[in-house]
Amino acid sequence: DGPKPLKGRRVIVTSGPTHEPIDPVRYIANRSSGKQGHAIAAHLARLGADVTLVSGPVTIPDPAGVEVIRVESAREMLAAVTAALPADIGVFVAAVADWRVATSADNKIKKKEGEGPAPLALTENPDILKTVGHHENRPRLVVGFAAETADVIANAEAKLARKGADFIVANDVSPATGIMGGDRNRVRIVSKQGVEDWPDLSKDEVAERLAARIAEAFQA
Ligand code: C5P
């Protein structure tokens with residue numbers, strides 16, 4: 001069943017959205033389905049890697065042949081990722097919420113007659129990719145994603161350096177593309193070597209090519 005260039009290599013993949021609690025029944029989330037991250041985890045496992053998939057809340061099935069750790073919030077995702085270090089390769093696909101509610105309520109926030117909505121003070125979440133990209137146990141190969149709706153390449157190039165990544169897989173998630181939550185993806189691979197433009201592919205095909213590309217870069 002195919003060559004195993006990543007045999008014995010430890011890989012961490014993040015996937016899905018995060019849920020940031022407002023109170024016990026409400027949360028802030030985003031439209032990520034986990035399809036792309038889960039497919040990448042599956043293809044890396046097929047190439048022989050020992051894959052830990054740290055997933056936010058998704059409704060799709062666990063991919064075959066990978067260890068799945070389920071989390072809800074960005075802080076839980078960071079804790080699970082750092083606990084899974086050291087690793088040879090890290091692939092950060094999750095659409096982590098940039099902000100969370102500063103102090104989530106212990107009880108459901110009640111609607112109060114005549115008082116208007118409760119204010120939600122937000123605070124910044126940890127950046128998991130950036131933390132791992134600059135970590136003392138940094139994996140040898142670190143891959144990030146950049147979902148943008150404008151200035152896709154310029155933003156991806158800035159992210160490479162700032163986040164300590166070797167590759168940024170950039171995609172345009174403007175609503176008209178149907179990429180967020182959809183089955184197809186059109187990506188560009190941004191690295192110090194330049195920009196690779198990939199054609200419009202299914203998310204599974206993007207995952208297969210990316211797993212092969214990662215194996216090639218890891219061996220170089
Ligand atoms: O800065 P931006 O969110 O566009 O960066 C996207 C990349 O950073 C993705 O690889 C994403 O998984 C990762 N990221 C992260 N933790 C965050 C925000 C983004 O790991 N808090």
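Take the stretch 198-220 and flag every residue that is within 10 Å of Leu6 (Cα to Cα) and either hydrophobic (A, V, I, L, M, F, W, C) or touching a Ser or Thr at 6+ places or on another chain (Cβ under 8 Å) (or both). Passing the criteria: Ala211, Ala212, Ile214, Ala215, Phe218.
Of the numbered criteria (1) closer than 27 Å to Val101 by Cα; (2) assigned to a loop (DSSP other than H, G, I, E, B); (3) out of contact with any Gly (no Cβ under 9 Å at 6 or more places or on another chain), the one Ser32 fails is (3).
Of all residues in the stretch 121-133, those that are β-branched (Val, Ile, Thr) have Cβ atoms under 6 Å from Cβ atoms of residues that are surrounded by fewer than 17 Cβ atoms within 10 Å (Cβ to Cβ), 6 or more apart or on another chain, in Thr123/Ala102. Residue-level analysis places Ser73 among those that are of a type outside the set (Val, Ile, Thr), in contact with a strand residue (DSSP E or B) (Cβ under 6 Å, 6 or more places away or on another chain) and open to solvent by less than 70 Å² (accessible area, probe 1.4 Å). If you go through the stretch 182-200 and keep only what is within 18 Å of Ala42 (Cα to Cα) and open to solvent by 20 Å² or more (accessible area, probe 1.4 Å), you end up with Asp183, Arg184.
Those strands (runs of 3 or more DSSP E) of the stretch 42-158 in which 2 or more residues are within 16 Å of the ligand (Cβ to nearest atom) and modelled with pLDDT under 95 occupy 141-148. In a residue-by-residue description of the stretch 17-28, the property of being part of a loop (DSSP other than H, G, I, E, B) and open to solvent by less than 60 Å² (accessible area, probe 1.4 Å) applies to at least one position. Can you pull out every residue in the stretch 180-194 that is within 14 Å of the ligand (Cβ to nearest atom) and in a loop (DSSP other than H, G, I, E, B)? The answer is Met180, and nothing else.
The values are calculated or read from the model by the stated rules, or taken from the named source; none is laboratory data. Note that the coordinates shown come from a computational prediction; the quantities given were computed from them, not determined experimentally. Quick reminder, even Gly has a Cβ in these numbers, built from the backbone with ideal geometry, and neighbours come from all protein chains shown. Accessible surface is based on the protein model in full, side chains and every heavy atom, while ligands, DNA and RNA are left aside. Shrake-Rupley method; radii C 1.70, N 1.55, O 1.52, S 1.80 Å.
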